[in-house]
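One structure is given below, encoded as structure tokens.
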Amino acid sequence: MKKAKEMFEELGYQLEENTGFNDWIVYVDNRTYYIEFDLVYKRVNISLYAIIDSKMIKAITKQMEELGWLDE
């Protein structure tokens with residue numbers, strides 16, 4: 001099974017390495033859309049007008065699984 005990072009890359013999103021925040025995981029695409037994972041409050045923030053299809057939902061779910069959020 002693929003890792004979330006690989007799934008996001010297939011969708012055109014790259015992991016943003018230098019966000020300035022250690023408690024966030026941020027993926028961005030070349031059109032400035034973003035998917036953010038708030039590690040403190042365990043929330044997902046998605047930019048306005050980002051397209052969320054079944055592949056994106058699978059990538060988001062995989063990232064949440066890797067973070068252990070689905071085990072609670």
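The values are calculated or read from the model by the stated rules, or taken from the named source; none is laboratory data. Computed from a predicted structure; not experimentally measured. Here the Cβ positions follow ideal geometry from the backbone for every residue, glycine too, while neighbour counts run over all protein chains shown. Accessible surface is based on the protein model in full, side chains and every heavy atom, while ligands, DNA and RNA are left aside. Shrake-Rupley method; radii C 1.70, N 1.55, O 1.52, S 1.80 Å.
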Between a first residue in the range 46-72 that is touching a residue at least 12 places away in the same chain (Cβ under 8 Å) and surrounded by 10 or more Cβ atoms within 10 Å (Cβ to Cβ) and a second residue that is of a type outside the set (Gly, Ala, Ser) and assigned to a helix (DSSP H, G or I), which pairs have beta carbons less than 6 Å apart while being 6 or more apart in sequence or on different chains? Ala59/Met7; Ala59/Phe8; Lys62/Met7; Met64/Leu70
With respect to Tyr41, is the statement that it is open to solvent by 70 Å² or more (accessible area, probe 1.4 Å) and in contact with a strand residue (DSSP E or B) (Cβ under 8 Å, 6 or more places away or on another chain) true? no
Condition (residue is β-branched (Val, Ile, Thr) and at positive phi) applied to the range 37-57: is it met by at least one residue? no
Residues (modelled with pLDDT of 95 or more, within 21 Å of Gly68 (Cβ to Cβ) and either open to solvent by 70 Å² or more (accessible area, probe 1.4 Å) or not hydrophobic (A, V, I, L, M, F, W, C) (or both)) located in the range 3-20: Lys3, Lys5, Glu6
Inside the range 21-38, the number of residues satisfying the requirement of being loosely packed, with under 14 Cβ neighbours inside 10 Å and either under 17 Å from Glu6 (Cα atoms) or touching a Gly at 6+ places or on another chain (Cβ under 9 Å) (or both) is 2
Select the strands (runs of 3 or more DSSP E) contained entirely in the range 20-72, then report the ones holding at least 1 residues which are within 18 Å of Glu9 (Cα to Cα) and in contact with a Ser or Thr (Cβ under 6 Å, 6 or more places away or on another chain). 24-29, 34-38
